[in-house]
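These notes concern the structure reproduced below.
No value in this document is a laboratory result; all are computed from the given coordinates. Note that the coordinates shown come from a computational prediction; the quantities given were computed from them, not determined experimentally. All Cβ positions, glycine included, derive from the backbone under ideal geometry; neighbour counts span all protein chains shown.
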Amino acid sequence: MFTPPTGLPSVASDLEMHTESITAALDKKLSENNNYISFAEYMQFCLYQPQLGYYSGGLHKFGQDGDFTTAPEVSVLFGECIAQAIAPLLSKNTDWDICELGPGRGALAEAIINHLNKLDALPQSYQLLEVSASLSDLQKSRLKPLHKHLEIKHLQEPPNKFKGIIIGNEVIDALVVERFYVNEQDEIFQIGVSIQDARLVEVAQAAPDYLVQAIKNLDVDIPKNFSSDICCQLKPWLKHITENCEEAILLFSDYGFSQSEYYSPERNDGTIRCHYRQHAHNNALILPALQDITAWVDFTALGNAALSLGMEIPAYSTQAHVLLGSGHLQTLDFEAMTEVQRFQTSKEIQTLTLPANMGERFRFMQLNKNCDEVIPAMQLRDLRHQL
């Protein structure tokens with residue numbers, strides 16, 4: 001269970017006691033459920049089990065020396081572009097705040113605050129909603145010098161009577177998903193996890209009614225003999241985040257695509273992706289609670305969840321077009337940089353914007369609640385017709 005296959009780094013020796021605790025807790029959970037839990041329950045355990053989960057247990061690592069690297073960790077330019085994009089709205093709505101969901105180590109918050117300060121467009125406050133105590137401590141330490149510019153709040157629950165912009169970068173991909181299989185007769189099965197011969201294995205059983213209904217509610221026909229995943233948490237999660245918002249723009253950025261792409265026949269096995277010490281792979285049944293487990297975002301489902309809650313979808317685009325649409329990258333003074341700085345900056349821009357890197361695979365979606373503002377940078381290329 002904790003012996004990585006060839007090609008993945010070994011588990012550090014100082015985690016031996018931790019892996020024993022994970023094994024005991026997982027064995028107990030399975031034994032209490034007739035040696036079967038849904039993949040969603042397994043993913044919830046691996047990521048969020050108190051004191052043991054990848055996030056709740058403090059094992060998550062960001063950046064080049066960690067398990068994975070997010071866009072804000074790739075370059076400060078990512079956060080500066082977002083700040084440039086939202087600055088006109090903050091200047092116009094001086095009573096607005098910013099709330100960032102799942103802020104990681106605080107890299108995005110730091111870049112946005114610093115750039116908005118340069119633009120004289122700071123919000124009333126910058127709020128960070130974080131469920132991980134260890135990450136919250138990192139955020140507090142990193143952002144402490146910026147308190148002189150504005151009020152910084154650290155939250156464990158969504159803000160009340162909120163007016164402003166909610167930012168979520170690579171947050172939705174961490175919501176747990178169900179795995180399912182549709183056979184030749186269009187029967188739907190739930191894929192779960194069991195333990196056999198000291199190994200975790202996938203097991204299929206008749207899907208519960210809620211999962212059958214969720215799949216039947218999709219806007220596409222699921223192919224026969226097809227396995228995939230679906231996030232049943234989207235609507236309740238979005239409702240929880242926004243129910244106390246008076247006026248808000250929600251700006252989500254994540255890797256994903258429309259529903260027709262998500263469930264296309266050639267993508268037969270879903271979108272589960274795991275990250276362990278800068279190695280990406282698809283085996284979620286190894287290294288439980290020691291690796292990150294994510295699923296690509298179905299932006300059609302996200303949009304439908306928003307519409308069902310009375311929100312609007314004013315914009316949907318690629319990361320490349322949003323960053324370029326902000327206008328910030330075009331203002332960089334390469335002549336004033338050293339040769340090393342020019343090379344590094346060019347490399348970062350390519351990583352963030354080229355289609356083969358993050359530029360096309362990562363998408364931005366704007367949702368509005370009781371608000372008719374549109375972020376100008378989101379309008380460079382409108383992909384809502386793809387939803």
ask   = Given H placed 1.01 Å from N in the peptide plane, which residues other than close sequence neighbours of I166 have an amide H under 5 Å from its amide H?
value = C99, I249, L250, L251
query = Using the Karplus equation 6.51 cos²θ - 1.76 cosθ + 1.60 (θ = phi - 60°), what ³J(HN,Hα) coupling, rounded to whole Hz, does each residue of region 350-355 give in order, writing x for Gly and Pro?
reply = 4, 4, 6, 10, 5, x
key: Straight-distance crosslink candidates among lysines, where the alpha carbon sits under 24 Å from K118 and sequence neighbours closer than 8 are dropped   = K92, K140, K144, K148, K153, K163
task = Return one quarter of the surface area of the convex hull spanned by the alpha-carbon atoms of region 15-61, equal to its mean projected area, in nm².
result = 3.2 nm²
query = Going by a ≥ b ≥ c, the root eigenvalues of the Cα gyration tensor, does region 239-387 fall in the rounded group (a/c under 1.5), the prolate group (a/b larger than b/c) or the oblate group?
reply = oblate
note = Reduced to Cα centres, the span from region 1-53 to region 234-290 in Å works out to 21 Å
ask   = Which of rounded, prolate, oblate describes region 280-353, given a ≥ b ≥ c as roots of the alpha-carbon gyration tensor eigenvalues and a/c under 1.5 marking rounded, otherwise prolate only if a/b is larger than b/c?
value = oblate
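Would you mind estimating how fast region 96-197 diffuses translationally, via Stokes-Einstein at 4 °C and 1.567 mPa s with the Kirkwood radius over Cα pairs, in µm²/s?
Working: Rh = 16.0 Å.
In µm²/s, the coefficient is 81.
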ask   = By count of other Cβ within 10 Å, fewest leading, how are T318, T94, T69, T6 ordered?
value = T6, T94, T69, T318
Sequence-separation-based contact order of the chain, relative, with Cα cut under 8 Å and 6+ spacing, percent = 19 percent
key: Cα pair distances in the chain, grouped into 10 Å bins until the bin that holds the longest one, percent each   = 5, 22, 31, 26, 13, 3, 0
key: Charge dipole magnitude, Cβ of K and R +1, D and E -1 - region 264-384, Cα centre, debye nearest 20   = 280 debye
ask   = If you place +1 on the Cβ of every Lys and Arg and -1 on the Cβ of every Asp and Glu, how big does the dipole about the Cα centre of the chain come out, in debye to the nearest 20?
value = 560 debye
Region 156-269 - Debye-derived log10 I(q)/I(0), Cα point model, q = 0.09, 0.13, 0.21 Å⁻¹ = -0.34, -0.65, -1.17
note = Per GNM of the chain with C-alpha springs under 10 angstrom, the most fluctuating residue out of E261, E170, E335 is E335
In order through region 283-297: 3J(HN,Hα) via Karplus (6.51 cos²θ - 1.76 cosθ + 1.60), integer Hz, x for Gly, Pro = 9, 7, 8, 9, 6, x, 6, 9, 10, 7, 10, 9, 9, 5, 8
ask   = Among I86, C46, M1, whose Cα lies farthest out toward the positive end of the dipole of region 1-135, if unit charges sit on the beta carbon of Lys, Arg (+1) and Asp, Glu (-1)?
value = I86
message = From the alpha carbon gyration tensor of region 303-387, can you work out the equivalent ellipsoid semi-axes (sqrt of 5 times each eigenvalue) and give them in Å, largest to smallest?
response = 32, 14, 9
